[in-house]
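Notes follow once the structure below has been shown.
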Amino acid sequence: MRGLPTALAALAILAACPAPACAQTLDRVAGGEAFRIGYRQFAPPYSYAAANGQPSGYIVDLCREVADGVKRTLKLPAMKVDYVKVTAEDRFEAVRDGRIDILCEPSSMTMSRRALVDFSLPTFLDGAGVVTRGTPVKGLEDLKGKKVGVLRGTTTEETLRSTLGQMRIAADIVTVTDHPDGLKQLADGKLDAYFGDRGILNYLIANGPAGNRLSLSDQYFTFETYALALPRGDQAFRLVVDATLADLYRTERIRDIYARSFGKFPPDQFLNALFVINGVPK
């Protein structure tokens, strides 16, 4: 009877973790299987499909460094890497169910998501902003009576709904499947405002056809910490991921990787602090 609680705990873990996902990542890759990187098609400059169809972006590049770290750790002469597209709706389930080994996109760390996945050291700090046609929004009060778009299945959607509810601001919230569609609806007059991660919105406005008609608010309405999502309980793999990120943060290499996606704009004070704090010694 003394071993019953332990046995029940083990059964609970197995019930919460499907067999493919419970297989240890390093063991599977060492056995010759591909290392699978999950990425989003429309989340630039963090994770997206470039014009040539290749996975690109700041966080995808971080995961390429992780793949090299896995290869070095296992002392493999060669290692196959597969890139798997995920959506905002199914990305965490893709990790949980074992379809991907690591989620490489702007994933905000939350306690509820940790019921499905583990998270690495942080990769980025960002926050939500609002895009409008013409005059920028100065406060959420400006959204009263407006049609506001937001990406479905994100913490940004949750925050928008809860905050407007708490402030008793009546607005018509319209969910979309990707950011380019949301901004197009805004530019075409189907939406009055669009709510999303400032880094993504800033990139899409600067590089999109309707950029000169859209304005991004200066205000941050949330602050969110991004991290790489990993299978729960795979501690050996998580150590390789965190060690790779910490090594990058301790050197100037992280700034080279950053510049590939963000160009001449240097990391702000928040991101510089993230690099310093998470450059954990060996």
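The values are calculated or read from the model by the stated rules, or taken from the named source; none is laboratory data. Keep in mind it's a predicted model, so treat the numbers as computed, not measured. Cβ placement follows ideal geometry from the backbone for every residue including glycine, while neighbour counts extend to all protein chains displayed.
Restricted to the range 81-99, and to residues there that are among the aliphatic types (A, V, I, L, M) and not in a strand (DSSP E or B), the residue that is nearest to VAL29 (Cα to Cα) is VAL95.
Checking each residue in the range 27-47 for being surrounded by fewer than 22 Cβ atoms within 10 Å (Cβ to Cβ), in contact with a strand residue (DSSP E or B) (Cβ under 7 Å, 6 or more places away or on another chain) and either outside any loop (DSSP other than H, G, I, E, B) or among the polar types (S, T, N, Q) (or both) picks out ARG36, GLN41, PHE42. Close contacts from the range 60-77, counting a first residue that is surrounded by 14 or more Cβ atoms within 10 Å (Cβ to Cβ) and a second that is among the charged types (D, E, K, R), with Cβ to Cβ under 9 Å and a gap of 6+ residues or different chains, come to VAL60/GLU105; ASP61/ARG260; GLU65/ASP247; GLU65/ARG253; GLY69/ASP247; VAL70/ASP101. Pick from the range 138-170 the residues that are touching a Gly at 6+ places or on another chain (Cβ under 7 Å) and crowded, with 19+ Cβ neighbours inside 10 Å: which of them is nearest to ALA49 (Cα to Cα)? Among those that are touching a Gly at 6+ places or on another chain (Cβ under 7 Å) and crowded, with 19+ Cβ neighbours inside 10 Å, it is LEU151.
Restricting the range 122-167 to residues that are small (Gly, Ala, Ser) and touching a residue at least 24 places away in the same chain (Cβ under 8 Å) leaves a set whose member that is nearest to ALA187 (Cα to Cα) is GLY134. With respect to (1) assigned to a loop (DSSP other than H, G, I, E, B); (2) closer than 26 Å to THR73 by Cα; (3) of a type outside the set (A, V, I, L, M), the lone exception for ASP256 is condition (1). Is it fair to say ASP192 is of a type in the set (D, E, K, R), within 18 Å of the chain's Cα centre (by Cα) and crowded, with 16+ Cβ neighbours inside 10 Å? Answer is no for this residue. Selection within the range 234-272: residues that are at pLDDT below 95 and among the small types (Gly, Ala, Ser). The member of this set that is surrounded by the fewest Cβ atoms within 10 Å (Cβ to Cβ) is GLY263.
A quick yes/no check of all residues on (1) small (Gly, Ala, Ser); (2) outside the structural domain of TYR249 (by TED's automatic domain parsing); (3) more than 14 Å from LEU216 (Cα to Cα):
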site: VAL137; (1), (2), (3): no, yes, no
site: LYS144; (1), (2), (3): no, yes, yes
site: LEU160; (1), (2), (3): no, yes, yes
site: ALA171; (1), (2), (3): yes, yes, yes
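The residues of the range 97-133 that are of a type in the set (Lys, Arg), assigned by TED's automatic domain parsing to the domain that holds ALA246 and in contact with a strand residue (DSSP E or B) (Cβ under 9 Å, 6 or more places away or on another chain), listed by number, are ARG99, ARG113. Filtering the range 32-59 to residues that are within 12 Å of LEU103 (Cα to Cα) and touching a residue at least 60 places away in the same chain (Cβ under 8 Å) leaves PHE35, ARG36, ILE37, GLY38, TYR39, ARG40, TYR46, ILE59.
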